[in-house]
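Let me begin by presenting the structure, written as structure tokens, before commenting on it.
The values are calculated or read from the model by the stated rules, or taken from the named source; none is laboratory data. Source: prediction; values computed, not measured. Glycine also receives a Cβ, built like all others from the backbone with ideal geometry; neighbour counts cover every protein chain displayed.
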Amino acid sequence: METALKTSAGDITGAVEKSPKELAKFYFDNGYVIVPGVLSPEEVAELRADLRPKFDRPVAQRNPGDTVQYLFDPFSHYEKTRKIILHPRTIAVVTEILGERPALVREFAAQLKNYSGWHKDTTCLERAGLTYHWDKDFSFMTFTCYLQDNDPVKGGGLDVAPGSWTWPDRYVDAKPHKETRRPSFWDKLLGRKTEIRNDYGYEIKGFDDFFTIPSKAGDLILFNRKIDHRATVNSTGEDYDKMGIFGSFSRNDKHLQSYHDFIGHRADYHYLKVLNYPADLVADAKAAGLDIF
Ligand SMILES: O=C(O)CCC(=O)C(=O)O
């Protein structure tokens, strides 16, 4: 049976303000770090209220690639998400980790009721036969800003397997889950199609020891793209509007170029075909110290 591992990382939840250098050290030691309070509780509430109806738009009114579960390119479309990537503390910590001005990877989405199973965020590369993510200078880090506190029972955030960013990718040959959400009473009654999948991931055993990151709504979590992770499971059986904004930072280097090439050729990345950052976003990113192109 899986048990949540207790580690000493509790001091990173914001009770004590840490410097970017200290947070960067924590990232290198643990494969993840929390940058506390990038959004205030009021900003979290506003963003939730703004985004929630967007997931319910009829297909004809959605942006390319969007579903009832994913809204792509949120920083172009929903201004209130921009603070997550432009906050001075975000930029300071990411710059400290990378050792230079960061770039925004062209892969980002707001997610609703998503519950990924265990995987690495490099599994898609490895399944495609690519290996550059094992190069020493590969610097990609995923970020997520969840819009609710994480709770070991109710979920709302992320579990990680400590130390796993150095482990080989055990998901490469595993069978992807095909599971869809079980239709609720109302789905059946109203004949609604259940579009929401509840376990993106692989048919593979979990971990005996893992760590549930104690993030609060509005914290930014940065994590090594090779760390084994999953959504903290909601074991209450009660549905709720779990939301998060996801993306990645990296150095502006050959790996970023290769990755943009890789995703640029994927047929399912519909939003990339029309990606066109608004001028004010580009200007604000430039001023904040973030490359975006
Ligand atoms: O479902 C979640 O909250 C985690 C999502 C995740 O792991 C991912 O997008 O890589």
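List of remarks:
- Complete set of residues in region 145-162 that are closer than 15 Å to residue 31 by Cα and in contact with a helix residue (DSSP H, G or I) (Cβ under 9 Å, 6 or more places away or on another chain): 160, 162
- Conditions (1) among the β-branched types (Val, Ile, Thr); (2) crowded, with 17+ Cβ neighbours inside 10 Å; (3) within 16 Å of the ligand (Cβ to nearest atom): number failed by residue 153: (2)
- The residues of region 42-62 that are small (Gly, Ala, Ser) and loosely packed, with under 13 Cβ neighbours inside 10 Å, listed by number, are 49, 60.
- Boolean, residue 87 is within 16 Å of the ligand (Cβ to nearest atom), at pLDDT 95 or above, farther than 20 Å from residue 211 by Cα and out of contact with any strand residue (DSSP E or B) (no Cβ under 6 Å at 6 or more places or on another chain): no
- Evaluation of residue 138 against the conditions (1) aromatic (Phe, Trp, Tyr); (2) within 16 Å of the ligand (Cβ to nearest atom); (3) assigned to a loop (DSSP other than H, G, I, E, B) shows that the sole unmet condition is (2).
- Pairs where the first residue, in region 48-62, is closer than 15 Å to residue 217 by Cβ and the second is among the charged types (D, E, K, R) and assigned to a helix (DSSP H, G or I), C-beta under 7 Å, 6+ apart: 50/80
- Those residues of region 149-170 which are in contact with a strand residue (DSSP E or B) (Cβ under 7 Å, 6 or more places away or on another chain) and either in a loop (DSSP other than H, G, I, E, B) or within 26 Å of residue 91 (Cβ to Cβ) (or both), in sequence order: 150, 152, 156, 157, 158, 160, 161, 162, 165
- Filter pass, residue 114 being among the polar types (S, T, N, Q) and closer than 13 Å to residue 246 by Cα: yes
- All positions within region 115-135 that are closer than 13 Å to residue 168 by Cβ, assigned to a loop (DSSP other than H, G, I, E, B) and charged (D, E, K, R): 120
- Hey, residue 60 within 22 Å of residue 269 (Cα to Cα) and part of a helix (DSSP H, G or I) or not: yes
- Count of residues meeting criterion [of a type in the set (A, V, I, L, M), surrounded by 20 or more Cβ atoms within 10 Å (Cβ to Cβ) and within 15 Å of the ligand (Cβ to nearest atom)] in region 219-275: 7
- For region 204-215, a residue qualifies if it is in a strand (DSSP E or B) and among the hydroxyl-bearing types (Ser, Thr, Tyr), and exactly one does: 212.
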